[in-house]
1. Residue by residue, what Karplus-based ³J(HN,Hα) values in Hz, rounded to whole numbers, does the stretch 219-226 have, using 6.51, -1.76 and 1.60 with θ = phi - 60° and x for Gly and Pro?
2. At what distance in angstrom do the alpha carbon centres of the stretch 94-113 and the stretch 275-335 lie from each other?
3. By average Cβ neighbour count within 10 Å, what is the ranking of 224-234, 190-200, 285-295 from highest down?
4. Starting from the Cα of THR64, move 7 Å in the Cα-to-Cβ direction to define the label point; list residues of the stretch 116-159 whose amide nitrogen is under 15 Å from there.
5. Using r as the Cβ-Cβ distance of LEU49 and HIS248, and R0 as 51 Å, what FRET efficiency do you calculate, to the nearest 0.05?
6. Excluding LEU147 itself, what net charge comes from residues whose Cβ is under 14 Å from its Cβ, given Lys and Arg +1 and Asp and Glu -1?
7. P(r) tail for the stretch 217-341, what percent of Cα pairs lie past 21 Å?
8. Give me the 1.4 Å probe accessible area per residue for the chain, excluding ligands and nucleic acids, in Å².
Amino acid sequence: MSKVTMTAIAQAAGVGVATVDRVLNGRAPVRSVTEQKVLAAARELGYHLTQAHIRTTSPLAAATVRVSFILLPARYSFYQQLGEVLKQQLKAQQPQGSEPEFCWHDIHEVEAVAHSLRLLAQRSDVIALVALDHPLIRHAIQDVSRLGVRVYALFSDFSPCEHAGFIGIDNQKAGRTAAWMAQHLLRQPGCVGVLLGDHRFTCQESSEISFRSYLRESGISQRVLEPLKTHESGEGGYQATRQLLDTHDDLVMIYAPCGGIEGVVQALRDSGRRQIDLLCHGPLPGDELALIDGTITLMLRHRIDAMAAAVIATCLNSRMEQRDHFAQVTVPFEIVTRENL
């Protein structure tokens with residue numbers, strides 16, 4: 001096995017190399033949540049932890065934390081994969097018999113999500129969820145947070161509702177990165193389509209705003225259309241893309257910071273219009289083949305392993321934080337093209 005480098009650990013944990021050095025070599029104190037995130041990433045990559053590292057983590061592992069998750073169902077891109085990785089990583093750090101509990105809800109099942117939050121709060125110390133920024137869900141989060149349950153937003157943050165933190169990528173940076181690529185690709189007149197899963201996903205809202213802002217700053221003349229919704233599903237992505245293709249003969253690009261990209265890919269393949277660039281977020285089933293055959297031009301891909309490591313480390317460290325502490329945990333994303341697969 002090749003040597004696990006500090007650079008690799010830093011990338012997996014979403015921190016700087018200097019922070020990894022401080023944690024592994026004890027050069028300076030680091031916040032507990034950051035320390036545990038680095039150690040979790042190192043363990044996942046196969047780095048040999050010393051007895052000093054084990055002593056650092058043992059007080060946290062000794063007390064079981066009851067963790068629950070509310071995620072989107074398996075038909076939504078990568079959530080089944082995320083669930084499995086979360087389960088594996090938590091199993092490695094907690095005693096046997098302390099498996100996490102999962103609830104799976106479609107994005108528009110707002111009442112069901114609020115109901116699950118209240119049910120899980122009766123038997124959980126920490127709940128991490130993917131959900132819309134909806135008033136009913138925020139109200140439920142506020143209620144269970146006041147009961148002492150720590151609630152973390154995954155991928156998409158909520159408006160302030162006394163939740164304990166957010167874990168995900170820097171969506172402003174992702175949107176501007178996609179627009180930087182768009183600036184270099186847009187060489188012919190036409191329009192740019194935008195696809196969102198739902199307008200209440202704040203992560204996608206931030207990506208879209210940042211994408212548009214960068215293009216305005218750059219003086220791009222192509223018109224950016226109002227977004228259509230994929231509803232985070234393959235079928236929704238297919239229908240939204242067909243609508244773009246049918247109503248805009250001059251469509252030259254699609255930016256899709258959302259789920260349902262497998263449907264977008266299929267619609268573009270079925271259309272035969274190969275001159276349309278697709279910039280999207282991922283991962284998704286068959287993404288590498290779509291990059292290789294040119295259907296996807298650029299993918300900003302979530303690193304599921306790094307995301308899971310950050311989530312588990314944050315959840316297990318939650319009891320070490322002050323009740324009013326808000327954890328802002330940024331995980332890395334990959335910039336993927338056919339040439340760097």
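The values are calculated or read from the model by the stated rules, or taken from the named source; none is laboratory data. Note that the structure is predicted; figures quoted are calculated from it, not measured. Heads up, the Cβs are rebuilt from the backbone with ideal geometry, glycines too, and the neighbour counts pull from every protein chain shown. Please note that ligands, DNA and RNA were not included when accessible areas were found on the heavy atoms of the full protein model with its side chains. Shrake-Rupley method; radii C 1.70, N 1.55, O 1.52, S 1.80 Å.
1. 3J(HN,Hα) across the stretch 219-226, in whole Hz: x, 5, 8, 5, 7, 9, 6, 5.
2. That distance is 20 Å.
3. 190-200, 224-234, 285-295
4. What the label zone holds, given the 15 Å backbone N cut-off, is 123-126.
5. Values: r = 55 Å, r/R0 = 1.07.
It comes out at approximately 0.40.
6. Details: positive: ARG66, ARG118, ARG123, ARG146, ARG150, ARG323; negative: ASP125, ASP143, GLU162.
So the environment of LEU147 carries a net charge of +3.
7. Of all Cα-Cα distances in the stretch 217-341, 49 percent exceed 21 Å.
8. Accessible area per residue, the chain: 44 Å².
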